[in-house]
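Data block below; observations after.
FYI, it's all coordinate maths here, none of it is from the lab. Fair warning: this is a prediction, and the values are worked out from it, not measured in the lab. Note that each Cβ is placed from the backbone with ideal geometry, even for glycine, and that neighbours are counted across all protein chains shown.
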């Protein structure tokens, strides 16, 4: 396994394969670099593909002293990339919460590193009808609520995978559930709290990198309309919606089409 130590001494795990232009994948909440293993393998034929375990996730350190705020995670991405590839430019590809981290990165002082940006199944301001009932509880809680427990994770899985995919791939869904339940609850709670606090609506117009925005017709976690907002507000952006009956995890449910669209975008840069 590959690790890099960032400035505060935390060890961050990442997977890497291939040579050439560097593309960096950022996973979402309650996930890890594991969700991009297929993409690292596929794109390593022509690119240097890297997928990072955010602090608190996967095989990276999980310090309880951290608040796991999106702004901090974006700062850590820059430290990680600098340690691995120096000053080289990258194409940054963020899914869900990883897309929020990618937005934060893209309108920050780190933007000069970006050759391109891909925002997958993400939003400038999170809202979800099924989960909004917990919003006030999460934001006002004096103690950390149980986020990583079976009933909540079951609801999460149902939101991020279309029922057709869940029915067709029961063994994968079982494996995905087991990996999700390994996330430390304090990490899950704090990241979700900051996801609810995230608001980039007044900043995303600053993004100057060529941007590919990807969504799907049946995403029950982050609505396709949110991607339309991103497309409307980010200059030099292109929007693609995958269908039919594709859920939040487009890299699984629309893998072949996703690879095709991403490959075409990378060739334009």
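Things worth noting here:
- Filtering region 101-146 to residues that are over 21 Å from the mean Cα position of the chain (by Cα), without any contact (Cβ under 8 Å) to a residue 12 or more places away in the chain and assigned to a helix (DSSP H, G or I) leaves 133, 134, 136, 137, 140.
- Number of the exception - residue 14 against (1) surrounded by fewer than 24 Cβ atoms within 10 Å (Cβ to Cβ); (2) free of Cβ contacts under 8 Å to residues at least 60 places away in the same chain; (3) within 18 Å of the chain's Cα centre (by Cα): (2)
- Breaking point among (1) in contact (Cβ under 8 Å) with a residue 40 or more places away in the chain; (2) closer than 27 Å to residue 37 by Cα; (3) out of contact with any helix residue (DSSP H, G or I) (no Cβ under 7 Å at 6 or more places or on another chain); (4) assigned to a helix (DSSP H, G or I), for residue 191: (3)
- When the test is whether a residue is in a helix (DSSP H, G or I) and either surrounded by fewer than 18 Cβ atoms within 10 Å (Cβ to Cβ) or free of Cβ contacts under 8 Å to residues at least 40 places away in the same chain (or both), residue 41 passes it.
- Taking the listed residues 267, 232, the one that is over 18 Å from the mean Cα position of the chain (by Cα), within 20 Å of residue 123 (Cβ to Cβ) and outside any loop (DSSP other than H, G, I, E, B) is 232, with no other qualifying.
- In region 57-74, residue farthest from the chain's Cα centre (by Cα) [restricted to those that are in contact (Cβ under 8 Å) with a residue 24 or more places away in the chain and either assigned to a helix (DSSP H, G or I) or crowded, with 22+ Cβ neighbours inside 10 Å (or both)]: 60
- Looking only at region 44-56, and only at residues there that are on the phi < 0 side of the Ramachandran plot and assigned to a loop (DSSP other than H, G, I, E, B), the one that is surrounded by the fewest Cβ atoms within 10 Å (Cβ to Cβ): 45
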